[in-house]
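Some notes on the structure that comes next.
The values are calculated or read from the model by the stated rules, or taken from the named source; none is laboratory data. Predicted model only: the values in this text are computed from it and were never measured. Cβ placement follows ideal geometry from the backbone for every residue including glycine, while neighbour counts extend to all protein chains displayed.
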Amino acid sequence: MVPVRSALALALGLAASSSALAWDQASLDAALRERLDGDRTGACVAVAVIGKEQVLRSRACADPAQIDRIADDPAFEIGSVSKTMTATLLARMIAAGEASLDDPLADWLPEGSRVPAFQGQPILLRHLVTHTSGLPVLPPGTALGAQDPYAAIDAGELLAALARTELTRAPGAAFEYSNFASMLLSMVVARRAGIGFETLLQRDLLQPLGMENSYVNRRPEGLRAAAGHDGNGQEVPAWTFRDEAAGVGGVRATLDDMVRYARAQLGEAPAPLAAAIGLTQQPVTGVQGRPMGMNWMMAPLNGRQWHVHEGATAGFSSFVAFDREAGRAVVALSDTSFSSVGGLGSLALHLMDPQVPLGQPRRSVPAPADLLDGLAGEYQLQNGMRMQLSRQGDRLVVQPEGQPAFEMGYDSAGDFHPLAFDALLRPQRRAGGGYGFQWHQLGGVLEATPLAPAKAEAYRPDPATLQDYVGEYPLVPGFALSISVVNGVLHVQGTGQSPLAATAVAPDVFAVEAVGAEVRFERDGEGRVSAVSLHQGGQVLRGPRN
């Protein structure tokens with residue numbers, strides 16, 4: 001399970017919003033096919049676009065012959081979207097006067113439990129639902145299973161991990177996504193209710209919403225569970241959860257049930273559940289960092305407020321987004337993990353507003369020979385691990401220190417990926433010459449730097465060449481890149497954002513290292529700069545010069 005990813009730092013999410021549902025069935029089907037056709041992940045995706053008076057559904061696979069994988073509305077693992085459901089269970093208690101966000105976590109635990117504090121400042125429930133508790137991402141000192149990481153984590157293990165945790169800052173001081181905090185919330189909400197988590201979830205949320213085909217461990221009779229796949233299209237085992245920790249990401253649901261859940265977020269839930277759902281959507285005060293509801297990320301876009309949450313397991317991806325004021329929502333569910341390649345966010349946000357770029361399928365293509373040669377060498381990751389990259393024919397081979405060598409594929413987004421497991425290597429040209437890369441795996445990103453000097457000398461354009469690039473380049477409606485030169489340094493500024501310094505790495509190519517992006521300028525037949533393309537996060541936006 002991973003946190004929802006930020007929108008593209010320079011470009012995504014600045015398109016204008018409208019209150020009308022922008023899709024019909026034909027255009028929705030076409031968009032989904034366009035995004036998935038031939039995608040090297042082999043993914044199948046089911047989506048729903050929800051308006052005030054209309055719900056459109058569509059399904060597609062990278063290989064259309066595989067559509068039976070998600071036919072007849074099977075149950076998907078929804079991963080961390082489950083956290084929003086756990087928050088609703090707490091909100092029901094708050095609305096009933098049985099709890100408060102200001103309750104200390106310690107008051108909800110068995111007597112004698114050790115709970116860390118920072119200089120006398122305790123962890124409150126509001127910190128658990130906003131990822132500001134100061135607790136680490138995972139329970140410290142807890143061994144996770146290789147294929148089923150959360151299967152052995154029970155209440156005893158959670159309490160033991162809490163007892164050995166030390167806080168390094170005050171609760172509420174900063175946002176840091178924590179599955180550990182969410183497991184604790186799952187445990188204490190069920191404990192306070194006096195029944196098991198799945199029983200509580202069914203009683204207080206799923207049954208009132210008519211979500212009859214959603215569950216944790218008790219699958220309804222006759223319901224088919226979709227099989228999960230990793231980012232290389234290989235089938236992987238399902239994840240399992242002990243009941244007390246299941247609220248972190250253990251819910252499985254069909255697309256139709258998730259439509260019911262999304263419509264409830266838009267105001268269609270019965271009382272008294274409606275009040276609790278509304279409470280989860282309100283900004284939680286008294287914490288620093290990004291604005292949040294109760295386990296809902298809040299994303300203001302062009303004066304409108306969206307609520308979003310993303311989910312991922314080893315074999316599934318999910319995304320739920322809604323704009324309650326406009327009465328619009330999107331649900332996207334995949335039987336494939338998109339963790340390494342950026343999640344379902346770009347697809348889901350395009351469905352929310354077609355002016356947000358859809359993104360393109362990642363197709364397997366040959367890697368450029370100069371890239372293979374440029375990447376060859378030894379690197380060190382942020383966590384201290386070393387990796388050796390070497391060229392073998394037309395392939396890149398990666399060998400982590402103390403491990404076997406793995407052959408890498410290459411895709412049309414410009415990324416390498418191991419053929420034997422789900423990860424991604426994203427090359428990055430360095431300002432001083434040569435390459436570094438980002439290593440994406442299990443929802444995390446590690447920067448890698450070369451241990452040997454760059455093989456190529458740094459490229460430095462002269463002042464006159466820098467002036468060639470100055471201008472405005474619209475990329476999507478309502479968003480442009482403004483290029484300027486300040487004190488001999490090229491700056492890139494997205495609409496409504498701060499200018500960022502860019503460094504030349506090759507003729508007409510600049511790295512914006514602050515956001516992991518690359519800007520490439522194009523010239524016309526007379527050698528004049530005529531367009532620019534922004535390469536970031538495996539996506540490309542292009543626009544002509546004004």
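What the table shows:
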{"read-out": "Conditions (1) of a type in the set (Gly, Ala, Ser); (2) touching a strand residue (DSSP E or B) at 6+ places or on another chain (Cβ under 7 Å); (3) surrounded by fewer than 19 Cβ atoms within 10 Å (Cβ to Cβ); (4) within 18 Å of Arg57 (Cβ to Cβ); number of the one not met by Ala376", "value": "(4)"}
{"read-out": "Out of Thr142, Thr132, sole residue that is of a type in the set (Val, Ile, Thr) and in contact (Cβ under 8 Å) with a residue 60 or more places away in the chain", "value": "Thr132"}
{"read-out": "Matching residues in the stretch 477-512 - criterion: being without any contact (Cβ under 8 Å) to a residue 60 or more places away in the chain, in contact with a strand residue (DSSP E or B) (Cβ under 7 Å, 6 or more places away or on another chain) and not in a strand (DSSP E or B)", "value": "Pro499, Asp508"}
{"read-out": "Residue within the stretch 115-133 that is in contact with a Ser or Thr (Cβ under 6 Å, 6 or more places away or on another chain) and part of a helix (DSSP H, G or I) present", "value": "yes"}
{"read-out": "Any hit, the stretch 125-137, residues being hydrophobic (A, V, I, L, M, F, W, C), buried (at least 17 other Cβ atoms within 10 Å of the Cβ) and farther than 30 Å from Gly315 by Cβ", "value": "yes"}
{"read-out": "Given (1) in a loop (DSSP other than H, G, I, E, B); (2) surrounded by fewer than 23 Cβ atoms within 10 Å (Cβ to Cβ); (3) in contact (Cβ under 8 Å) with a residue 12 or more places away in the chain, number of the condition Leu371 does not satisfy", "value": "(1)"}
{"read-out": "Pairs where the first residue, in the stretch 105-129, is at pLDDT 95 or above and the second is surrounded by fewer than 16 Cβ atoms within 10 Å (Cβ to Cβ) and assigned to a helix (DSSP H, G or I), C-beta under 8 Å, 6+ apart", "value": "Ser113/Ala163; Arg114/Ala163"}
{"read-out": "Among (1) outside the structural domain of Asp73 (by TED's automatic domain parsing); (2) at pLDDT 95 or above, the one test that Asp373 misses", "value": "(2)"}
{"read-out": "Check on Ala91, crowded, with 23+ Cβ neighbours inside 10 Å and within 26 Å of the chain's Cα centre (by Cα)", "value": "yes"}
{"read-out": "Exclusive hit being modelled with pLDDT of 95 or more, in the same structural domain as Val505 (by TED's automatic domain parsing) and either of a type outside the set (S, T, N, Q) or more than 30 Å from Arg33 (Cβ to Cβ) (or both), set Tyr410, Tyr469, Tyr379", "value": "Tyr469"}
{"read-out": "Condition met for Leu90 (modelled with pLDDT of 95 or more, among the aliphatic types (A, V, I, L, M) and touching a strand residue (DSSP E or B) at 6+ places or on another chain (Cβ under 7 Å))", "value": "no"}
{"read-out": "Helices (runs of 4 or more DSSP H) contained in the stretch 154-262 and holding at least 3 residues out of contact with any Ser or Thr (no Cβ under 9 Å at 6 or more places or on another chain) and either within 21 Å of His131 (Cα to Cα) or modelled with pLDDT of 95 or more (or both)", "value": "179-193, 197-201"}
{"read-out": "Residues (in contact with a Ser or Thr (Cβ under 7 Å, 6 or more places away or on another chain) and buried (at least 20 other Cβ atoms within 10 Å of the Cβ)) located in the stretch 479-510", "value": "Phe479, Ala480, Phe510"}
{"read-out": "Flag if Ala151 is in the same structural domain as Asn295 (by TED's automatic domain parsing), free of Cβ contacts under 8 Å to residues at least 12 places away in the same chain and under 24 Å from the mean Cα position of the chain (by Cα)", "value": "no"}
{"read-out": "Residue match in the stretch 255-269 (condition: without any contact (Cβ under 8 Å) to a residue 24 or more places away in the chain and surrounded by fewer than 22 Cβ atoms within 10 Å (Cβ to Cβ))", "value": "yes"}
{"read-out": "Criterion: surrounded by 16 or more Cβ atoms within 10 Å (Cβ to Cβ), touching a Pro at 6+ places or on another chain (Cβ under 6 Å), of a type in the set (Gly, Ala, Ser) and touching a residue at least 12 places away in the same chain (Cβ under 8 Å) - qualifying residue of Ala226, Ala173, Ala193", "value": "Ala226"}
{"read-out": "Condition broken by Gly233, with the remaining ones in (1) under 20 Å from the mean Cα position of the chain (by Cα); (2) closer than 19 Å to Ala329 by Cα satisfied", "value": "(2)"}
{"read-out": "Qualifying residues in the stretch 515-546 (those that are outside any strand (DSSP E or B) and without any contact (Cβ under 8 Å) to a residue 24 or more places away in the chain) - the one nearest to the chain's Cα centre (by Cα)", "value": "Asp524"}
{"read-out": "Per-region count, the stretch 462-476, residues farther than 24 Å from Gln355 by Cβ, in contact (Cβ under 8 Å) with a residue 40 or more places away in the chain and not in a loop (DSSP other than H, G, I, E, B)", "value": "1"}
